[in-house]
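Values in this text are rule-based calculations from the coordinates and carry no lab data. None of the values given here were measured: they were computed from a predicted structure. Cβ placement follows ideal geometry from the backbone for every residue including glycine, while neighbour counts extend to all protein chains displayed.
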Amino acid sequence: MDDEDGQRRCRDCGEWKALEEFCSSKKRPSGRGSYCKPCHNTRTRETKQRLYGGNREYHLRRRYGIGQQEADELLAEQGGVCGVCGDPDPEHVDHDHRTGWVRGILCFNCNGGLGQFRDSPTRLARAITYLRGTTWQRVLIHPGVYQMCSPTRGRPPSPRF
């Protein structure tokens, strides 16, 4: 249904549109889908609603293998709060990136934090050690000369004036 002017007719809305208005598709010889982007998005939304009851259910099933009901049960087991910080109404499913197993429901910040530490207990333990004792301070060692030091390196912090 391509025209020589680089246009195609959408099978849904029937309008002639530029090829760039169609989604890319590796399955088709032309490299473009049969439906324009707005029609494609509408069809996708309707399919997710029809088959899964909504976008969230589709997302949870596809990515984590659980549905909204299982996510709600997990959240209820946690008392309705984030599994790490205890903030109310968390919405993010946390999972082990190696195994794919779901661990719990977390708030945005805690879920992102675990991801930034690459789910590594060693990295998290080092971060805790750092927070507990490695505060760098300027110490006056000679008039006008300062040195940066840390309490964990054996030199006491400088007094605050």
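Magnitude of the charge dipole for the stretch 7-55, about its Cα centre and with charges confined to Cβ atoms of Lys, Arg (+1) and Asp, Glu (-1), is about 220 debye. With neighbour counts taken as other beta-carbon atoms within 10 Å, the residues Leu106, Leu75, Leu140 rank, fewest first, as Leu140, Leu75, Leu106.
Entry note, the stretch 7-49: relative contact order of 30 percent, from Cα contacts under 8 Å with a spacing of 6+ residues.
When we measure straight from the Cα of Lys37, which aspartates and glutamates land under 20 angstrom away, once same-chain ones fewer than 8 places off are left out? Correct list for Lys37: Asp2, Asp3, Asp5, Asp12, Glu15, Glu20, Glu21, Glu46. With an a/c value of 1.5 or above and a/b not larger than b/c for the gyration tensor axes a ≥ b ≥ c computed over the alpha-carbon atoms, the stretch 7-49 is described as oblate.
Take every pair of alpha-carbon atoms less than 8 Å apart whose residues are at least six positions apart; their mean separation over the length of the stretch 64-119 yields a relative contact order of 30 percent.
Here, the chain is characterised by an Rg to Rh ratio of 1.28, where Rg is the alpha-carbon radius of gyration and Rh the Kirkwood radius.
Charged side chains reduced to their Cβ positions (Lys and Arg at +1, Asp and Glu at -1) give the chain a dipole of some 820 debye around its Cα centre. Taking amide H as placed 1.01 Å from N in the peptide plane, the amide H of Glu15 sits under 5 Å from that of Cys10, each at least 5 places away or on another chain. Across the chain, C-alpha contacts under 8 Å between residues 6 or more apart give a mean separation that, scaled by the residue count, equals a relative contact order of 9 percent. When the Cα positions of Gly133, Ala76, Phe22 are compared along the charge dipole of the chain, Gly133 comes out farthest toward the positive end, with charges on each C-beta of Lys, Arg, Asp and Glu.
Between Asp12 and Trp136, the simple spin-label model (points 7 angstrom out along Cα→Cβ) gives 5.5 nm.
Every helix of 4 or more DSSP H residues in the chain counts as -39500 (n - 2.57), and over all residues that averages to -11000 deg cm²/dmol at 222 nm. Other residues with beta-carbon under 10 Å from the beta-carbon of Asp119 carry, at +1 per Lys or Arg and -1 per Asp or Glu, a net charge of +2. What the Cβ-Cβ distance of Arg61 and Arg103 gives, at R0 = 22 Å and to the nearest 0.05, is a FRET efficiency of 0.80.
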